[in-house]
Amino acid sequence: MPMVRVDGVNLYYEETGTGAPLVFVHEFAGDCRSWHLQVRGLARRYRCIAFNARGYPPSDVPTDPAAYSQQRAVDDIRGVLDALGIAKAHVCGLSMGGYAALIFGLRYPERALSLVVAGCGYGSVGADRAAFHGDALHVAQRFETEGMAPVAELYSRGPTRVQFSDKDPFGWQEFHAQLAQGSAIGHALTLRGVQLTRPSVFELEPELVRLEVPTLVVTGDEDEPCLEPALFMKRKIPTAGLVVLPKSGHTINLEEPEAFNRALLDFLTAVDAGRWTRRNPASLSKSAILPGPTR
């Protein structure tokens, strides 16, 4: 079973294909298996690496709450790269993984060839932030008292998951079954240590405007908590492009794999060719008609 050791924690990973490294970072309700539809396609051109976060077996499940934080999640990406001898990689993350990918690019831009930040921003909108924290704490407590399966049943049927269930019941059932196999204590500690402490996307503005790593932001148009953060990131990151998938919720890489993979491959191809550039300043005119500043 392939493992790398990062900060005293064993992290399970899977590796397929050859070429430039492409690291996949999973969401809270997934694990490395969540990326199988991307790996099957992209491994024909890239060295695809998907790993399980700490708290997600067969990776270790530390019981010390201090072992879980947003910065540790970011450093685990760097640790995987270090352990595999990779200097720079494309990094693609969804939701919790999207947050980690984004902040990885902010903290370690020299290690990132590009960033794909998908389904990112839950709990960022000021008016919703307190409710998000309350819901996360409630779910963490239920993981601790009820165990994995009952809470997986609840979590997998949330308002941004029903789109997946409606479109692809068999795919959703696979997603649900994999979530139910996880560690209740790992999920509870991840909620408490990562989701409840991570910054709002809007708080990252001073760093976002300086980010030069090519970035693709992806969201579903029915993933309400991520819509405003996605548009904010597009506007603030000078190298960002934005893809919005119609009639889609949160689990977009599984819900719309063909559209997600096409957007991802087009982006990576442009980056590899040196054709993904900063936004033209002339597009930032305050007028809808009159030209803006030139380069």
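Structure notes:
- Cut-off under 5 Å, modelled amide H: who pairs with S95 long-range: A118, G119, C120
- Most mobile listed residue (A127, A282, A83) in the chain, GNM with C-alpha springs under 10 Å: A282
- Modelled this way, with points 7 Å down the Cα-to-C-beta line, the labels at H36 and L227 are 3.3 nm from one another.
- Label-point separation in nm, R78 to E144, each point 7 Å along Cα→Cβ: 3.0 nm
- Sequence-separation-based contact order of the chain, relative, with Cα cut under 8 Å and 6+ spacing, percent: 18 percent
- With the simple spin-label model, which puts each label point 7 Å out from Cα in the Cβ direction, the D266 to A282 separation comes to 2.2 nm.
- Scalar couplings 3J(HN,Hα) for region 135-151, obtained by applying the Karplus form with A = 6.51, B = -1.76, C = 1.60 to θ = phi - 60°, are 5, 5, 5, 4, 5, 4, 5, 5, 4, 6, 9, 10, x, 6, 4, x, 6 Hz; x denotes Gly and Pro.
- Positive-end residue of H176, S285, Q195, charge dipole of region 147-295 with Cβ unit charges: S285
- Computed from phi, the 3J(HN,Hα) profile of region 221-227 under the Karplus parametrisation 6.51, -1.76, 1.60 (θ = phi - 60°) reads 6, 10, 8, 3, x, 9, 5 Hz, with x in place of Gly and Pro.
- Student exercise, region 82-225 dipole from Lys, Arg, Asp, Glu Cβ charges, in Debye to nearest 20: 360 debye
- Ligands, DNA and RNA aside, E174 has an accessible area near 90 Å² when probed at 1.4 Å.
- J(HN,Hα) series, region 13-23, from Karplus relation 6.51 cos²θ - 1.76 cosθ + 1.60, nearest Hz, glycine and proline x: 9, 10, 9, 9, x, 9, x, 4, x, 10, 9
- Lys/Arg +1, Asp/Glu -1 at C-beta; the chain dipole; positive extreme among H133, A270, Q71: A270
- Mean Cβ neighbour count within 10 Å, used as a protection proxy, ranking 269-276, 20-27 highest first: 20-27, 269-276
- Within the accessible area of the chain (1.4 Å probe), percent carbon and sulfur: 55 percent
- Sequence-distant residues sharing a close amide H with V6 (under 5 Å, placed H): L11
- Dipole magnitude (debye, nearest 20) for the chain, charges at Cβ of Lys, Arg, Asp, Glu: 1080 debye
- Only helical runs count toward this figure. For the chain, summing -39,500 (n - 2.57) over DSSP H runs of n ≥ 4 and dividing by all residues gives -12500 deg cm²/dmol at 222 nm.
- About its Cα centre, the dipole of region 146-208 is roughly 140 debye, where the only charges are +1 on Lys and Arg Cβ and -1 on Asp and Glu Cβ.
- H176 contributes an accessible area of around 30 Å² to the protein surface, as traced by a 1.4 Å probe with all chains present.
- Among N253, N52, N261, the largest mean-square fluctuation in a Gaussian network model of the chain (Cα springs under 10 Å) belongs to N261.
- Region 9-62, relative contact order [Cα under 8 Å, separation at least 6], %: 51 percent
The values are calculated or read from the model by the stated rules, or taken from the named source; none is laboratory data. Only a predicted model underlies this, so the values are computations on that prediction, with no experimental measurement involved. A quick note on method: Cβ atoms are made from the backbone with ideal geometry, for glycine too, and the neighbour counts reach across all protein chains shown. SASA here: full protein model, heavy atoms, side chains in, ligands and nucleic acids out. Shrake-Rupley method; radii C 1.70, N 1.55, O 1.52, S 1.80 Å.
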